[in-house]
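Take a look at the structure below.
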Amino acid sequence: MGFDPSTLFFAAGISAVALALTMFGAWLQNRLDVFLIGWMIGMGLLGAGAVIYSAYPPLPIVILVCMSLQTVGFVTVYLAARLFTGTPVHWRIAIILGLAAVAAVILPIASGQDGVGVAIFNIVAAVLLFLCAHEYWRVREQSPLPISAMSGLYALAGLSFLACGLVLIYERQWQLVGRPANWAEIFNAIISIAGITGIGALSLGLNHSRVAKRMAEEARTDALTGLMNRRALFSAFLSDRLRPGDAVIVFDLDRFKSINDRYGHRAGDLTLHQFADHLRRNARPQDLVARLGGEEFVLVMRQISVADATATAERIRSAVASTPLKVGDTAVLVTASAGIAFAVSESDDFEHVMHRADLALYRAKNSGRDRVLTELQVVA
């Protein structure tokens, strides 16, 4: 088989279909990653269009089907890129623009101006590929080298499609007597093969990296509240010890078990969510917030005075007490108690300071609950 555009496009199509199947396998293992479905559908459509285009005679109906499949494929790949980068997708607008792109390609082909349709297709493909390159470039700080490489491959592929469209326009090939065969087509086919291979490998690598990071983050996060969990909190102080002037505030929701018993675990979960929100709103960027388990939480405040740490804990306690939990038509009063301890020397480790905060918390609970006590306060 000769080294011609048709052969190269056939190889590119097979590569795209193989990549689509690989993406499907990756999605089966990580079904939360919806963008994998977008990549799979997009690559599948691009591959099917390329294979049909290279394997069948260049009749108008064949060109129309192929260009339609590939236009939808490029639109889908672009939407998958937006999902990957976290850019909002307005689906109604996306569908309308996608249909407009398909119409711009197929209407000239259907009216006998297949060269015009193919030129428009190449320009549309180039624009969508440039947009993909831009999407990835915006988030390159997530993984600079592979994402920059992906952005470059998308941009290079966009240039190759743009060249194909411009050559057709320059040569005024408004009606084709066969498949276009020029330097731009060969360049486009070679770049497509290299681009599909490179983008596929980089995409799968990035996805695996994301999955690993997500699993690591999930291992550090309390599933119910989204705060740090006990393991993550204690791990944070293996390398970053407390310093004199840091405060550890331990909170406990009062009579939490009675809320679960009387109103159900759903109400208990809502109580924990609501309290976690109070903590987040009162924590500073440098502070750490964690759920130790059950109804116990910790707020570690860096470099703060006794008065300010106490005021923060009191503000949280007051906000909880003044925000009843809504359970149907019932307003359930929720209160919290807190104990505060401070690092006073370089030798104070986190576990020791938290133990002292726990003792202050127990005194607060035993003295009537719904109050804040520091380790400096003694209750008669």
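The values are calculated or read from the model by the stated rules, or taken from the named source; none is laboratory data. Remember, it's a predicted structure, so these values are computed and weren't measured experimentally. Note: ideal-geometry Cβ built from the backbone for every residue, glycine included; neighbour counts use all protein chains shown.
Among the residues of the stretch 288-332, those identified as in contact with a strand residue (DSSP E or B) (Cβ under 6 Å, 6 or more places away or on another chain) and either exposed (fewer than 14 other Cβ atoms within 10 Å of the Cβ) or among the acidic types (Asp, Glu) (or both) are Glu295, Glu296, Glu314, Pro324. Screening the candidates Ala360, Ala341, Ala364 for the property of being assigned to a helix (DSSP H, G or I), in contact (Cβ under 8 Å) with a residue 60 or more places away in the chain and not hydroxyl-bearing (Ser, Thr, Tyr) yields one hit, Ala360.
Within the stretch 83-130, the residues that satisfy the criterion of being surrounded by fewer than 16 Cβ atoms within 10 Å (Cβ to Cβ), in contact with a helix residue (DSSP H, G or I) (Cβ under 7 Å, 6 or more places away or on another chain) and part of a helix (DSSP H, G or I) are Ala94, Ala110. Count of the stretch 39-52 residues, restricted to those that are touching a Leu at 6+ places or on another chain (Cβ under 9 Å) and surrounded by fewer than 23 Cβ atoms within 10 Å (Cβ to Cβ), is 4. Scanning the stretch 15-68 for residues that are out of contact with any Phe, Trp or Tyr (no Cβ under 7 Å at 6 or more places or on another chain) and polar (S, T, N, Q) yields Ser15, Thr22, Gln29, Asn30, Ser68. For the stretch 225-235, a tally of residues being among the polar types (S, T, N, Q) and out of contact with any His (no Cβ under 7 Å at 6 or more places or on another chain) returns 2. Screening Ser345, Ser337 for residues that are surrounded by 14 or more Cβ atoms within 10 Å (Cβ to Cβ) and on the phi < 0 side of the Ramachandran plot leaves exactly one candidate, Ser337. Scanning the stretch 123-181 for residues that are within 28 Å of Asn207 (Cβ to Cβ) and of a type in the set (Gly, Ala, Ser) yields Ala125, Ala126, Ala133, Ser143, Ser148, Ala149, Ser151, Gly152, Ala155, Ala157, Gly158, Ser160. No other residue among Gly86, Gly117, Gly98 is assigned by TED's automatic domain parsing to the domain that holds Ile169, under 16 Å from Ser68 (Cα atoms) and in contact (Cβ under 8 Å) with a residue 40 or more places away in the chain apart from Gly117. Within the span defined as the stretch 295-305, every residue fails to be assigned by TED's automatic domain parsing to the domain that holds Tyr263, within 36 Å of the chain's Cα centre (by Cα) and small (Gly, Ala, Ser).
In the stretch 207-250, of all residues being of a type in the set (A, V, I, L, M) and part of a strand (DSSP E or B), the one that is surrounded by the most Cβ atoms within 10 Å (Cβ to Cβ) corresponds to Ile249. What about Arg291, is it under 16 Å from Ala338 (Cβ atoms) and not in a helix (DSSP H, G or I)? Answer is yes for this residue.
Being farther than 16 Å from Ile186 by Cβ, under 33 Å from the mean Cα position of the chain (by Cα) and at pLDDT below 85 is the requirement here; does Gly25 meet it? Here the answer is yes, as Gly25 does meet what is asked. Is at least one residue of the stretch 58-72 among the hydroxyl-bearing types (Ser, Thr, Tyr), farther than 20 Å from Leu153 by Cα and either assigned to a helix (DSSP H, G or I) or outside the structural domain of Ala119 (by TED's automatic domain parsing) (or both)? Yes, some residue in the stretch 58-72 is among the hydroxyl-bearing types (Ser, Thr, Tyr), farther than 20 Å from Leu153 by Cα and either assigned to a helix (DSSP H, G or I) or outside the structural domain of Ala119 (by TED's automatic domain parsing) (or both). Can you give me the number of residues within the stretch 177-194 that are assigned to a helix (DSSP H, G or I) and over 17 Å from Phe121 (Cβ atoms)? Within the stretch 177-194, residues that are assigned to a helix (DSSP H, G or I) and over 17 Å from Phe121 (Cβ atoms) number 5.
Conditions (1) acidic (Asp, Glu); (2) in contact with a His (Cβ under 6 Å, 6 or more places away or on another chain); (3) in the same structural domain as Val77 (by TED's automatic domain parsing), marked per residue:
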site	(1), (2), (3)
Ser209	no, no, yes
Ala212	no, no, yes
Ala223	no, no, no
Phe237	no, no, no
Arg241	no, no, no
Asp246	yes, no, no
His278	no, no, no
Arg284	no, no, no
Leu292	no, no, no
